[in-house]
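Asks: Before I ask anything, let me first share the structure, which is written out below as structure tokens.
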Amino acid sequence: MLLNVVVVSVNQLLPVTVLWVLLAQCTNAALPLKTTIIALSAGLTGCLGIWFLGGEIASSFDYRGFELLQIGLLLSLFCLMIATKRTGHTTLAATAFGLAVVLYLHHLASFAFSYSKPADGQTLAIGTSLGVGICLSFSILLFFFLDWVKSKHLPWLLLLLLALHGASKVSMALDLALQVDLISAARLEIDLRQIVDEHSVVGRVLRVLVGYEATPNAATLAGFGGALITFLGCTYWRTAHAK
């Protein structure tokens with residue numbers, strides 16, 4: 001039980017903390033502690049709302065409600081990341097962070113409230129604390145690495161990492177659409193599991209950072225490429241227009 005809680009906590013918390021670091025280091029938006037706490041509180045409120053309305057959401061749209069909600073959140077997050085990079089507005093960055101909290105942490109809330117027993121409270125608290133510690137440790141390392149990249153005057157590397165992360169949200173949305181038969185796509189003859197298994201530690205980190213998938217399909221790969229070009233194109237247009 002403890003190991004399961006740690007794994008679930010890391011899987012759901014790491015994308016949130018990584019996004020905060022990327023928004024803080026790869027854009028001109030400021031995310032002070034007060035703004036972060038407000039966005040976090042709003043996101044947690046949204047998580048509770050989804051948990052309370054879980055039955056109604058799940059049964060809506062021919063029992064595809066949860067998947068459609070997640071697809072909408074992922075695409076909204078992608079658009080907000082582009083807007084934040086282009087404008088540097090703190091409000092947009094905070095909104096993106098709050099959406100990420102809703103998107104990822106409602107799974108953790110559902111696990112905590114639905115699949116655990118009252119007797120598991122101590123295990124749940126310890127496992128979640130360990131997961132938080134792991135995520136914070138990795139995110140702090142990432143923060144200072146990106147700070148070093150900034151000191152070397154490599155803005156293109158920061159932009160590329162942010163664009164790859166944003167594009168991964170679109171590929172995740174398409175993957176969800178495939179799962180509920182909204183779209184169809186052929187599986188490509190690509191298998192990278194012998195190089196980096198997506199369920200390994202490195203694979204999981206790459207999946208969070210850039211949406212790594214060892215066995216992609218045509219739809220998610222095309223969506224990732226299109227989203228990456230869109231992100232970079234919008235940012236370049238903004239830079240050229242400013243000049």
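Asks: Can you confirm whether residue 121 is of a type outside the set (Lys, Arg), buried (at least 17 other Cβ atoms within 10 Å of the Cβ) and part of a helix (DSSP H, G or I)?
Replies: no
Asks: Quick one: would you say residue 87 is within 15 Å of residue 44 (Cβ to Cβ), surrounded by fewer than 21 Cβ atoms within 10 Å (Cβ to Cβ) and at pLDDT 90 or above?
Replies: no
Asks: For residue 67, all conditions in the list (1) under 16 Å from the mean Cα position of the chain (by Cα); (2) more than 23 Å from residue 210 (Cα to Cα); (3) among the acidic types (Asp, Glu) hold save one; what is the number of the exception?
Replies: All conditions are met except number (2).
Asks: Look at residue 138 and say whether it is modelled with pLDDT of 95 or more, surrounded by fewer than 17 Cβ atoms within 10 Å (Cβ to Cβ) and either of a type outside the set (A, V, I, L, M, F, W, C) or part of a helix (DSSP H, G or I) (or both).
Replies: no
Asks: Quick check on this structure: which one of 193, 187, 207 is crowded, with 18+ Cβ neighbours inside 10 Å and either under 20 Å from residue 19 (Cβ atoms) or not β-branched (Val, Ile, Thr) (or both)?
Replies: Selected residue: 207, the only one of 193, 187, 207 that is crowded, with 18+ Cβ neighbours inside 10 Å and either under 20 Å from residue 19 (Cβ atoms) or not β-branched (Val, Ile, Thr) (or both).
Asks: Can you tell which of 219, 214 is surrounded by 14 or more Cβ atoms within 10 Å (Cβ to Cβ) and either in a helix (DSSP H, G or I) or touching a helix residue (DSSP H, G or I) at 6+ places or on another chain (Cβ under 6 Å) (or both)?
Replies: Of 219, 214, the one residue that is surrounded by 14 or more Cβ atoms within 10 Å (Cβ to Cβ) and either in a helix (DSSP H, G or I) or touching a helix residue (DSSP H, G or I) at 6+ places or on another chain (Cβ under 6 Å) (or both) is 219.
Asks: Do you know which residues across the stretch 155-182 are surrounded by fewer than 13 Cβ atoms within 10 Å (Cβ to Cβ) and either touching a Phe, Trp or Tyr at 6+ places or on another chain (Cβ under 8 Å) or not in a helix (DSSP H, G or I) (or both)?
Replies: The one that is surrounded by fewer than 13 Cβ atoms within 10 Å (Cβ to Cβ) and either touching a Phe, Trp or Tyr at 6+ places or on another chain (Cβ under 8 Å) or not in a helix (DSSP H, G or I) (or both): 181.
Asks: Does the stretch 183-191 include one or more residues that are closer than 28 Å to residue 24 by Cα and either at pLDDT below 90 or in a loop (DSSP other than H, G, I, E, B) (or both)?
Replies: So far as the stretch 183-191 goes, no, none of its residues is closer than 28 Å to residue 24 by Cα and either at pLDDT below 90 or in a loop (DSSP other than H, G, I, E, B) (or both).
Asks: When only residues in the stretch 74-84 that are surrounded by fewer than 21 Cβ atoms within 10 Å (Cβ to Cβ) and in contact (Cβ under 8 Å) with a residue 12 or more places away in the chain count, which is farthest from residue 31 (Cα to Cα)?
Replies: The residue in question is 75.
Asks: A further question on this structure: When you scan the stretch 49-68, do you find a residue that is of a type outside the set (Phe, Trp, Tyr), under 20 Å from residue 92 (Cα atoms) and either surrounded by 17 or more Cβ atoms within 10 Å (Cβ to Cβ) or at pLDDT 90 or above (or both), even just one?
Replies: No, there is no match, as no residue in the stretch 49-68 is of a type outside the set (Phe, Trp, Tyr), under 20 Å from residue 92 (Cα atoms) and either surrounded by 17 or more Cβ atoms within 10 Å (Cβ to Cβ) or at pLDDT 90 or above (or both).
Asks: Give me the residue from the stretch 124-145 that is farther than 16 Å from residue 208 by Cα and among the aliphatic types (A, V, I, L, M) and, out of that set, nearest to the chain's Cα centre (by Cα).
Replies: Selected residue: 130.
Asks: Can you find a residue that is under 21 Å from residue 5 (Cβ atoms) and basic (Lys, Arg) anywhere in the stretch 112-131?
Replies: Yes, some residue in the stretch 112-131 is under 21 Å from residue 5 (Cβ atoms) and basic (Lys, Arg).
Asks: Yes or no: the stretch 9-19 includes at least one residue that is modelled with pLDDT under 95 and farther than 18 Å from residue 208 by Cβ.
Replies: Checked against the condition, which is being modelled with pLDDT under 95 and farther than 18 Å from residue 208 by Cβ, the stretch 9-19 yields no hits at all.
The values are calculated or read from the model by the stated rules, or taken from the named source; none is laboratory data. Computed from a predicted model, the values in this text were never measured in an experiment. When we count neighbours, we look across all protein chains shown, and the Cβ atoms used for this are built from the backbone with ideal geometry, even at glycine.
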